[in-house]
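Chemist: My questions will all concern the structure given below.
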Amino acid sequence: MLLRTVSFCFAAVLAAQSVFAETGKVTTFELENGLQGVVIEDHRAPVVTNMVWYRVGSADEPAGYTGVAHFLEHLLFKGTKTLKPGEFSKIVKENGGVGNAFTSYDYTGYFQRVAADRLPLMMQLEADRMRNLVLLEEDVVTERNVVIEERNTRTESDPNSLFQEQRRAMMFMNHPYRNPVIGWRHEIEALNLQAALDFYETYYAPNNAILVIAGDVTPENVKALAEEHFGPLKPSDNIPERVRPKEPPHLSPVTVTFQDPRQTQPYFVRSYQAPKRQSGDQKEAAALLLFAQLLGGSGISSVMGQKLQLEQKIAVHTSAWYDSMSYDPETFGVYAMPRPDVTLDDLQDAVDQVLAEFLEEGVDAEHLARLKVQIAAEDIYELDDQAGVARTYGQALTAGLTVQDVQSWSDVLQSVTEEDIMAAARKVLVLKQSVTGLMLPPATEESQ
């Protein structure tokens, strides 16, 4: 059985490599002004995804200005020296395209998905707002209110989001990953025109950007268009070195409890400090990703699912995850939701027991082989998502990885051994480097 599974796994890997060769040829270039370019060919349909990624996110914000990276993302849809406010999105829509933007801890990205013959126009628009943004005081006030309302909707109105903010603030005592990407409300309210302009003028430049183009294009054409539209832009000479505060050693486990009348279902969640994915040496990160999948990433077939949901019947849902794609070290985590008659204390004890047993018993070889087959199959399916492939490269490059790291990731995952996984598991499952969160059930009259 195991031999057959491994053979199928090997065949799936070969199939993935074959499909990648047909639809995922990747070419890179760099302009004289420092702009990096990545071209991912996919000639199956006359469509293209145009992305501009900036190596700046919320973790790069100056102290006291949380939310300014995300705030500026909103403001980039205002006017430039050649476009009126709102005209950017209008042009994209009139040309049959869709577009948006996103901000995370390590990057800010902008994208459009259009017919391939509209790519020159999209590049022209992105190059224009890279260096020619025009902001007015009224734009700042209006958009700041929009961001505040976004925080109201996504965070203040969601107990789970509030709880996550509190846990991350404990997980990172010194590193800016402790701050929410959208920003703390009182600091969002204080953001002004000058703060936005200072951030824009510091970080928005060709030598801090990556152009990622995926679709029905050729590398030669993309580079020529990049030279035409981005080439004339002057690079910045004041982009600060990307050095962030280091996280000190954690000497004691932390438990955070949270209670909100709007949240009726209790649950247990724990995060551990975990190493990031290292460029050129991705084996440890790959082992942690597989460990998360084995432990709780595949529903009831996972270790936690089998033991807590099926055997002990004390949980209705379990999961585990590993945040691998980040510029600085992130987290590994586990989650479990109890059945109605199970207390959080009993559930926590059961999770701890499962983790201890895993460290003692080791990896189930057949489970690992099946998981590798699934990963090989997913590699094939993911090639059908043009924008998803482009996003994978953009996210990796802004996290300090390389194109070669992205292309070799699948092979690295397949090469991980049971011993690699156990070594990684023992490294991260250190209780004093963890934050345990307990979402409590709603308070009753007796407990109030």
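Chemist: Going by average Cβ neighbours within 10 Å, how do the peptides 408-416, 327-335 rank, with the highest at the top?
Modeler: Peptide ranking by packing, descending: 327-335, 408-416.
Chemist: Can you classify the stretch 79-133 as rounded, prolate or oblate using the Cα gyration tensor, where a ≥ b ≥ c are the square roots of its eigenvalues, rounded means a/c under 1.5, and otherwise it's prolate if a/b beats b/c and oblate if not?
Modeler: Oblate shape, in that a/c is at least 1.5 and b/c is the bigger or equal ratio.
Chemist: Residue by residue, what Karplus-based ³J(HN,Hα) values in Hz, rounded to whole numbers, does the stretch 82-87 have, using 6.51, -1.76 and 1.60 with θ = phi - 60° and x for Gly and Pro?
Modeler: Values per residue, Gly and Pro as x: 10, 10, 7, x, x, 6 Hz.
Chemist: Kirkwood hydrodynamic radius for the stretch 47-139: how many Å is it when counted over pairs of different Cα atoms?
Modeler: 13.8
Chemist: If you don't mind, another one. To test your reading of the geometry: what angle, between 0 and 90 degrees and rounded to tens, separates the Cα axis of helix 159-171 from the longest principal axis of the chain?
Modeler: Relative to the chain, helix 159-171 is tipped by roughly 90 degrees.
Chemist: Same structure again: Describe numerically, in nm with one decimal, the distance between label points set 7 Å from Cα along Cα→Cβ at K93 and at Q166.
Modeler: 4.0
Chemist: Okay, next question. So, by mean Cβ neighbours within 10 angstrom, what's the order for 356-363, 277-284 with the highest one leading?
Modeler: Going by the mean number of other Cβ atoms within 10 Å, highest first, we get 277-284, 356-363.
Chemist: Show me the ranking of peptides 419-428, 105-114 by mean Cβ neighbours inside 10 Å, starting with the highest.
Modeler: 105-114, 419-428
Chemist: Calculate log10 I(q)/I(0) of the stretch 246-384 for q = 0.17 Å⁻¹, where I(q) comes from the Debye formula with a single equal point scatterer on each Cα and nothing for solvent.
Modeler: The Debye formula, applied to the Cα set alone, gives -1.06.
Chemist: If you don't mind, there's one more thing I want to ask. Hey, can you find the accessible area per residue of the stretch 106-238 for me, probe 1.4 Å, expressed in square angstrom?
Modeler: Heavy-atom SASA per residue in the stretch 106-238 reads 41 Å².
Chemist: For T155, T28, give me the order by solvent-accessible area with a 1.4 Å probe, most accessible first, ignoring ligands, DNA and RNA.
Modeler: In descending accessible area the options line up as T28, T155.
Chemist: Moving to a separate point now. With the full set of protein chains in place, find how many percent of the accessible area of the chain is carbon and sulfur; take the probe as 1.4 Å.
Modeler: 51
Chemist: Residue-wise, which Karplus ³J(HN,Hα) couplings in Hz belong to the stretch 312-320, taking 6.51 cos²θ - 1.76 cosθ + 1.60, θ = phi - 60°, and x for glycine or proline?
Modeler: 7, 6, 10, 10, 9, 7, 9, 6, 8
Chemist: Accessible area per residue of the stretch 376-419 at 1.4 Å probe, in Å²?
Modeler: 44
Chemist: From Cα coordinates alone, what are the radius of gyration and Dmax values for the chain in angstrom?
Modeler: Over the chain's Cα set, Rg and Dmax evaluate to 23.5, 72 Å.
Chemist: Per residue and in Å³, how big is the convex hull formed by the alpha-carbon atoms of the stretch 324-445?
Modeler: 186
Chemist: Then there is this: Mind listing which trypsin sites (Lys or Arg not before Pro) in the stretch 28-95 are in a DSSP loop and have 14 or fewer other Cβ atoms within 10 Å?
Modeler: Qualifying residues, ordered by number: R44, K81.
The values are calculated or read from the model by the stated rules, or taken from the named source; none is laboratory data. Everything numeric here is computed off the predicted structure, so don't read it as measured data. Here Cβ is always computed from backbone atoms with ideal geometry, including for glycine, and neighbour counts include all displayed protein chains. Note: areas computed on protein heavy atoms with side chains; ligands, DNA, RNA excluded. Shrake-Rupley method; radii C 1.70, N 1.55, O 1.52, S 1.80 Å.
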